[in-house]
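Q: First, the structure itself, so that you have it in front of you.
The values are calculated or read from the model by the stated rules, or taken from the named source; none is laboratory data. Because the structure is a prediction, the values reported are computed rather than measured. All Cβ positions, even for glycine, are placed from backbone atoms using ideal geometry, and neighbour counts span all protein chains on display. SASA here: full protein model, heavy atoms, side chains in, ligands and nucleic acids out. Shrake-Rupley method; radii C 1.70, N 1.55, O 1.52, S 1.80 Å.
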Amino acid sequence: THRAIDHALHACRKVLPAEVRVVKIGPSIRSGGGFECYESHAESGLADSTAPHVIGATAFALWSPYTGLRESMFDTVVTDEASQVRVMVAAMAMLHGEKWLFFGDDCQLPPVMLEVDAGGARERSIFRLLKNRGFDTMLEETWRLNAELAEWPSATFYRNRLVSRHDRRLMLSPPSDHPALTSDASAVLVLCG
């Protein structure tokens, strides 16, 4: 999605040297992300550039006649949320790169499909296809969940291999006196009757 691309480009801009251009081809959802945004590859001036750069775009933008990316080739194509990407859409992006990286989690959302799929939507993702052939590495650390919140998905989906790397808690300003928001516990059950 455009929002995910914008977040990724913002993160790239924060860690890459200033001489590396970080550019989005397509509409920007995030303002102030620190990256450049253009409607087409030609507008960016990168078509003939040999300087290091990162381009963010959707798989569909790579084939659009309006973006100017159809003839572009990239060293590496990175696809995030690959468990939601159907094989044919992934192939659209793969045709533009020499190497590919797919990030995803097939224990989360499968591809969104409009038709009934007897084989199962999860089986139609590029992530599942590659994982079933042994091309996978589990990232065992999470920075999204603290240890208390990571415990259940780790046991339920990841054979207790998922480990939290922070202990953040919700801090409201001003503080709330609602029972779900005042507890030191990260997981709180509130029964409404």
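Q: About its Cα centre, what dipole magnitude does the stretch 85-193 give when the only charges are +1 on Lys and Arg Cβ and -1 on Asp and Glu Cβ, stated in debye to the nearest 20?
A: Charge dipole of the stretch 85-193: 340 debye, to the nearest 20.
Q: Taking all pairs of different Cα atoms in the chain, averaging 1/r and flipping that mean, what Kirkwood radius in angstroms comes out?
A: 19.5
Q: Determine which lysines satisfy two conditions relative to Lys14: a Cα distance under 22 Å, and not lying fewer than 8 residues away in the same chain.
A: Lys24
Q: Right, here's the next one. Long-range amide H contacts for Gly97: which residues qualify at under 5 Å (H placed 1.01 Å from N, peptide plane, sequence gap of 5 or more or a different chain)?
A: Phe74
Q: I'd like the distance separating the alpha-carbon centroids of the stretch 133-193 and the stretch 1-64, in whole Å.
A: The two parts, judged by their Cα centres, are 32 Å apart.
Q: Let me ask you something else. Let's see if you can work this out: charge +1 on each Lys and Arg Cβ, -1 on each Asp and Glu Cβ, no other charges. What is the dipole magnitude of the stretch 140-190 about its Cα centre, in debye to the nearest 20?
A: Dipole size: approximately 200 debye.
Q: Now a separate question. I'd like the carbon and sulfur percentage of the solvent accessible area for the stretch 5-104, probe radius 1.4 Å, heavy atoms only, ligands and nucleic acids excluded.
A: Here it works out to 60 percent.
Q: How big is the dipole moment of the stretch 33-156 about its Cα centre under a simple scheme where the beta carbon of each Lys and Arg is +1, that of each Asp and Glu is -1, and everything else is neutral? Debye, nearest 20, please.
A: Result for the stretch 33-156 is approximately 400 debye, rounded to the nearest 20.
Q: While we're looking at this one, here's another question. For the chain, with every protein chain kept in place, what is the accessible area per residue (1.4 Å probe, Å²)?
A: Per residue, the chain has an accessible area of 68 Å².
Q: Now, a different point. Rounded to the nearest 10 Å², what accessible area does Ile29 show when all protein chains are kept and the probe is 1.4 Å?
A: It works out to around 90 Å².
Q: Can you tell which of Ile5, His41, Ser64 lies farthest toward the positive end of the dipole of the chain, using +1 and -1 charges on the Cβ of basic and acidic side chains (Lys, Arg; Asp, Glu)?
A: Working it through, the farthest residue towards the positive pole turns out to be Ile5.
Q: Right, next: Give me the angle, in degrees from 0 to 90, between the Cα long axis of helix 147-157 and the longest principal axis of the Cα atoms of the chain, rounded to the nearest 10.
A: 70
Q: Report for the stretch 45-193 the percent antiparallel among DSSP-assigned beta bridges with both residues inside it, nearest 5.
A: Antiparallel: roughly 10 percent of the beta bridges in the stretch 45-193.
Q: Take every Cα pair under 8 Å in the chain that's 6+ residues apart, average their separations, divide by the length, and report that relative contact order as a whole percent.
A: Computed over the chain, the figure is 12 percent.
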